[in-house]
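To keep things clear, I will list the structure first and then write my remarks on it.
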Amino acid sequence: MKFDDALFNWLQIHIVAEDRPDDRAALDTRDFFAQILSEDHGVISPHISATDATMVHVKYERNGHKLLQMYPREAAEQLLVDIRSNPKYN
């Protein structure tokens, strides 16, 4: 899996897992993407460092460098919006 895809997928499911701490599938999926980031891409400690009105800021370490990636908030939260809007998951 490409790095950009893995980090974005981790971000979306991380947001879901934070909102739904009892959702075992969300937690397991977040761990799966964290493992891909770690094992395939050398990423350490991905975390959301800030969220503002328009962007979500993700910090992580890779190859000895501290890095920041920013994503549009609407895109980052879309999976959570989709889950909340589907009565099957509520």
Need the full-extension length gain, R73 to F3, defined as separation in residues times 0.36 nm minus the C-alpha distance. One decimal, nm. 23.3 nm
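Can you give the helix-only mean residue ellipticity at 222 nm for the chain, where every DSSP H stretch with n ≥ 4 adds -39500 (n - 2.57) and the sum goes over all residues, rounded to the nearest 500 deg cm²/dmol? Could you put the intermediate results ahead of the total?
On the way: 4 runs with 47 residues, N = 90.
Helix-only estimate at 222 nm: -16000 deg cm²/dmol.
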Just to verify a number: what accessible area does D28 come out at with the full protein assembly present, 1.4 Å probe, Å² rounded to tens? 80 Å²
Rounded to the nearest 10 Å², what accessible area does V81 show when all protein chains are kept and the probe is 1.4 Å? 80 Å²
Among M70, M55, what's the order by accessible area (1.4 angstrom probe), most exposed first? M70, M55
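Please report, ordered by residue number, every helix of the chain (full DSSP H runs) that is 18 Å or longer along its axis going by C-alpha atoms and whose mean Kyte-Doolittle hydropathy reaches -1.0. Walk me through the intermediate numbers first.
Working: long enough: 3-19 (24 Å, 0.29); 24-41 (25 Å, -0.45).
Those that pass (Cα extent of 18 Å or more, hydropathy at least -1.0) are 3-19, 24-41.
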Measure of exposure for R84: accessible area at 1.4 Å probe, Å² rounded to 10, is 130 Å²
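M55 to N86: extension gain in nm, 0.36 nm per residue of separation minus the Cα-Cα distance?
Going from the current span to full extension adds 8.7 nm.
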List the aspartates and glutamates whose Cα sits under 15 Å from the Cα of K59, skipping any in the same chain fewer than 8 residues away. D4
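The values are calculated or read from the model by the stated rules, or taken from the named source; none is laboratory data. What you see is a predicted model; the values in this text were computed from it and never measured. When the accessible area is computed, the model is the full protein with side chains, heavy atoms only, and any ligands, DNA or RNA have been set aside. Shrake-Rupley method; radii C 1.70, N 1.55, O 1.52, S 1.80 Å.
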